[in-house]
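FYI, it's all coordinate maths here, none of it is from the lab. None of these values were measured; they are calculated from a predicted model. Cβ atoms come from the backbone with ideal geometry, glycine included; neighbour counts cover every protein chain shown.
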Amino acid sequence: MQVEKFCYDNKIVKAFGYATVIFAIVGMLAGLWVAIQFYAPAASLNLAPTTFGRLRPLHTNAIIFAFVGNCIFTGVYYSLQRLCKTRMYSDKLSWFHFWGWQAIIAAAAITLLLGFTTGKEYAELEWPIDIAIAIVWIAFGINLFGTILKRREKHLYVAIWFYIATWVTVAMLHIVNSFEIPVTLFKSYSWYAGVQDALVQWWYGHNAVAFFLTTPILGLMYYFLPKAANRPVYSYRLSIIHFWALIFIYIWAGPHHLLYTSLPDWAQSLGTVFSIMLIAPSWGGMLNGLFTLRGAWDKVREDPVLKFMVVAITCYGMATFEGPMLSLKSVNAISHFTDWTIAHVHIGGLGWNGFMAFAMLYYLVPRMWGTNLYSKKLATNHFWLGTIGIILYAVPLYWAGFTQSLMWKSFTPEGQLKFQFLETVTNIIPMYITRSVGGALYLTGAVLMAYNLYKTVRQGEFIANEEAEAPPLIKEVKVKKEYWHRLLERKPVTMLVLSLIVVAIGGIIELVPTFLVKSNIPTIASVKPYTPLELQGRDIYVREGCYTCHSQMIRPFRDEVARYGEYSKAGEFVYDHPFQWGSKRTGPDLAREGGKYPDSWHYNHMYDPRSMSPGSIMPQYVWLLDNKLDTSSTASKIRAMKTLGVPYPDGYEKIANFELMKQADSIARNLKKDKIETPGDAEIVALIAYLQRIGRDIKAEEKTKTVMK
Amino acid sequence: MKFIHYIEKIAGVDIYGLISLLIFVLFFTVMVTWVFRADKKKIKEMSEIPLH
């Protein structure tokens, strides 16, 4: 048979690889910066763009979509060509994908710092960027499938299945979660409200972890681990079971982020059951990875690539053991809203994603530049800095989470709460300091890697087009007796459809009933839409990322009811586009904040939190006192809300600004009584209006009435 | 206010659960059967794809 000659495109791999290194460092720097703000609030510089609430989404987005995203594309573009024995389908699409993705990252960085956010975690980007993501993702998909279809290898290796599942599921998640109604060029409201918004968001959020941070990286593991160890994967059978079980089960587990909230009980239980089941495929995958190295552990001692992979896979195992544990209600009651969750995700992020990315880069760069790694010793130092960094990061945070949760739940013998919220925060500040040291060590390691790779690049010569040859794929005469899965493996499109069905089932079962019963969500008669001023104030709350530190969800626990007030009901959130339940309590819950303090307290507290509560670690929000509220958007905001079903009276948008000023002036007058002079159109006034409203509606009626619509 | 009975309000809701469970179990059984009956040589060949 005639062998065909062709070239692998290394240039696109190089571009994505460089982007990976750059955004690793950028994302980690942002992370370190926000970590320092926990014990040195002045590190916010008192500027809006560098304050925690805006910088934290920048950190998470940079790590997930810029660092890990570029890492995935690096690995996919390298391995896919080789597994399919062909060049990428279209160089043009490759480069469109590359520049499109980098443009999205740049736009994300700018808009997030400017405060343009949807207020939904890990999906903060506003609607024009959401559309751009969809377009670039589709371009990637065409390129991916085009390459698979013109391959010279009969079988689709298991890594490719993981890539296919990643592509199709991320597309589905992104589209469903991004339904939003644009108000202005950079402001939109989530299509969903309250409980439904929360369910969709965490169905998305959890599966972003599953299908952006896990499945593609598993694909990379199944390719690069055998390559680096120079032996096939331990059990190919296990990898097949691993794949189907993982994608089938993962998609269901989202509601475990909402245990003890106002989410319907059945959905919570569903999430828990599937989360527990998830341990089986996850550990199957981990063991498959580790056993691949059986009899080759001597190589691990020598080779930095394998060292990184072993720790990465171990961290994957730890995180996926911990995940199901955290989704047990009794454990979740302790862990949720604390730093425990942050420690958990960083075992995954720093250990699994970070170390897999580093391993891959150390493997790829010498090969693509036809040379050896500049310094093995530096790489080994990077490995130890990283490993110690992870431990120093995670252990203090586990400790902090556990301690704080127990303090929250402590009562005196007289039945009073034993600790003020602030005491539980100041108590764990030493842990925050240690955590940032761990992060700094990890970052230092990454910088060492950048230097090492730079030197490697300098000493080698880049092979832009790697020559290869393979016989073409000839159409076989169909052998009658063929097993269906083997047939499937040769049919990427069928594979795509089947993966979509598998993940869609979970999504539909989980989401549909909540939507069907929309009319049955117990509405509370006294819960009314926000006034125009409160709505504007709420948007400021979203803009400043208050939800990154404050929850608005009182769980039905004795301590939470004692500390914050009546537990939260599903019917209270029906006008919340988007929901703002939050996922972490660095500050206290705000679900019943309305009416707790006078207006002047909030004014002074925003200007300098430490003047009202000494020792507080909340940043100052000085600009809110000076910024003039933009009332030009009020009418369109009311209109958008009406479209979403919020029952404002007809024509209300026309008088909205008049109502807004009326309420603003009354707050300004109120402040004046406490000797605070402020114009009624300052942003702080709108924010105070919102804060004073939260959770008040059901207080208004002593006896809440449940109405079934 | 009770939130636990939402799903009961959908007509014929049990079918959701039954179908999904059925698909899951069937798919799984067929897949696992295939995996363990598959030809050893083929499996070996596939697992060596990255090494060529």
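Taking a ≥ b ≥ c as the square roots of the eigenvalues of the Cα gyration tensor, segment A:569-678 is oblate, since a/c reaches 1.5 or more and a/b is not larger than b/c.
By the beta-carbon count within 10 Å of each Cβ, the least crowded to most crowded order of A:Trp95, A:Trp202, fewest first, is A:Trp95, A:Trp202. Per-residue Karplus couplings for segment A:3-14, computed as 6.51 cos²θ - 1.76 cosθ + 1.60 with θ equal to phi - 60°, are listed in order as 8, 9, 9, 7, 10, 7, 8, 8, 5, 5, 5, 4 Hz, Gly and Pro entered as x.
Look at the stretch B:30-38: the mean tally of other chain Cβ atoms within 10 Å of its residues' Cβ atoms is 5.
Please report the antiparallel percentage of DSSP beta bridges with both residues in chain A, rounded to the nearest 5. Among the beta bridges of chain A, antiparallel pairing accounts for roughly 95 percent. If the reach is capped at under 16 angstrom between alpha carbons, list the aspartates and glutamates near A:Lys675, excluding any in the same chain fewer than eight residues apart. Here the aspartates and glutamates satisfying the reach criterion relative to A:Lys675 are A:Asp599, A:Asp665.
Estimated purely from DSSP H runs of n ≥ 4, each contributing -39500 (n - 2.57), the mean residue ellipticity at 222 nm for chain A is -20000 deg cm²/dmol once divided by its residues. Note that segment A:188-196 has calculated 3J(HN,Hα) couplings of 9, 10, 4, 4, 8, 10, x, 4, 5 Hz, one per residue in order, obtained from phi through the Karplus relation 6.51 cos²θ - 1.76 cosθ + 1.60 (θ = phi - 60°); glycine and proline are x.
Amide H contacts under 5 Å for A:Ser583: none, restricted to partners 5 or more places along the chain or on a different chain, H placed in the peptide plane at 1.01 Å from N.
Note on B:His52, A:His97: ascending count of other Cβ atoms within 10 Å places them as B:His52, A:His97, the fewest first.
Taking a ≥ b ≥ c as the square roots of the eigenvalues of the alpha-carbon gyration tensor, segment A:523-707 is classed oblate because a/c is 1.5 or more while a/b is no larger than b/c. Note on A:Cys7, A:Cys71: ascending count of other Cβ atoms within 10 Å places them as A:Cys7, A:Cys71, the fewest first. Residue pairs exceeding 31 angstrom between C-alpha atoms, taken from A:Lys150/B:Lys44; A:Lys418/A:Lys699; A:Lys92/A:Lys227; A:Lys376/A:Lys584; A:Lys120/A:Lys377: A:Lys376/A:Lys584; A:Lys120/A:Lys377.
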